[in-house]
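Read through the structure below, which is laid out as structure tokens, and then see the notes.
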Amino acid sequence: MQSSLQIKNLQLYRQGKLLLSLDEQIAGGEILTVMGPSGSGKSSLLNWLTGTLPNGFTATGEVWLNDENVSHLPTHLRQIGVLYQDALLFSHLSVACNIAFAMPKGNKMGDRKQRSEKIAQALAQVGLAGMGDRHPDNLSGGQQARVALLRTLLSEPKAILLDEPFSKLDTQLRVDTRQLVFEQIRTHKLPAIMVTHDHSDAEAAKGKVIHLDL
């Protein structure tokens, strides 16, 4: 089945005033970029998609994920992963434990070993081989960003949202990390929505770009 994320007839309101209207379908491996000034509704769109719309905002419309309406599901059951500006790693847990925390838990005796092997393999794929026992505080910003990416991917989401995840990285690191993230999205065939202020992010995503106005 072709994976897809569909926004059906969204009307998003802030304190009763229409903030944005959207009707979009994103196929697996595609990245929809949403750009606009602060206050135009970019973050509110992501909040609506994850079921975390704050007080003062209301919305009509539906979120469909792989032909299933997830609009009324609680956040943790929607299977929508999010990458934020900050890596948001647990400093008291090792890199491997940070990733394992988000992974689906099995009941079999061999599951823990399989998860450990999967984590080690994933770390090696993003240039972090042997760093599973390290603590996040001892990693560079770029390394933390890669761990955050793996934590999201290994949680097995059906779609992924990017909330300006490259904005705090310096220029070259931004380019490298962005390329890695986009490659993983396409490899896993995940539909993705990216919120950004940076036109180079939009160009690198090579997908449709929506500009929001105040």
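Here Lys118 is the anchor, and the aspartates and glutamates within straight C-alpha reach of less than 19 Å, apart from those fewer than 8 places off in the same chain, are Asp133, Glu156, Glu183.
Using the Cβ atoms and a cut-off under 13 Å, what net charge is assigned to the surroundings of Ser167, where Lys and Arg are +1 and Asp and Glu are -1? Net local charge, Ser167 excluded: -2.
Take the Cα of Lys118, step 7 Å toward its Cβ, do the same at His188, and the gap between the two points is 1.1 nm.
Over the chain, what relative contact order in percent results from Cα pairs under 8 Å that are six or more residues apart? Averaging sequence separation for qualifying contacts and normalising by length gives 34 percent for the chain. Counting 0.36 nm for each residue step from Leu77 to Leu53 and taking away their Cα separation leaves a gain of 7.1 nm. Using a probe of 1.4 Å on the protein chains alone, the accessible area found for Ile26 is around 10 Å². Between segment 79-94 and segment 98-155, the alpha-carbon centres lie 11 Å apart. The residue list Leu88, Leu49, Gly132 was ranked by how far each Cα lies along the charge dipole of the chain toward its positive end, using unit charges on Cβ atoms, and Gly132 comes out on top. Packing-based ranking of 144-151, 121-128 yields 144-151, 121-128, ordered from highest to lowest mean Cβ neighbour count within 10 Å. The dipole here belongs to the chain: it is taken about the Cα centre, uses +1 on the Cβ of Lys and Arg and -1 on the Cβ of Asp and Glu, and is about 520 debye.
Between Ile210 and Tyr84, the modelled label-to-label distance comes to 2.3 nm, taking each label 7 Å out from Cα in the direction of the beta carbon. Set against the labelled values (1) 17.5, 54; (2) 17.5, 58; (3) 16.9, 50, Rg and Dmax of the Cα atoms in Å computed from this structure falls on (1). When only the Cβ of Lys, Arg, Asp and Glu is charged (+1, +1, -1, -1), the dipole of segment 90-176 relative to its Cα centre reaches about 400 debye. Multiplying the residue separation of Leu93 and Ser140 by 0.36 nm and subtracting their alpha-carbon distance yields 15.3 nm.
The values are calculated or read from the model by the stated rules, or taken from the named source; none is laboratory data. Since this is a predicted model, take the numbers as computed values, not measurements. Note that each Cβ is placed from the backbone with ideal geometry, even for glycine, and that neighbours are counted across all protein chains shown. Ligands, DNA and RNA are stripped out before the accessible areas are found, and what is left, the full protein with its side chains, is counted by its heavy atoms. Shrake-Rupley method; radii C 1.70, N 1.55, O 1.52, S 1.80 Å.
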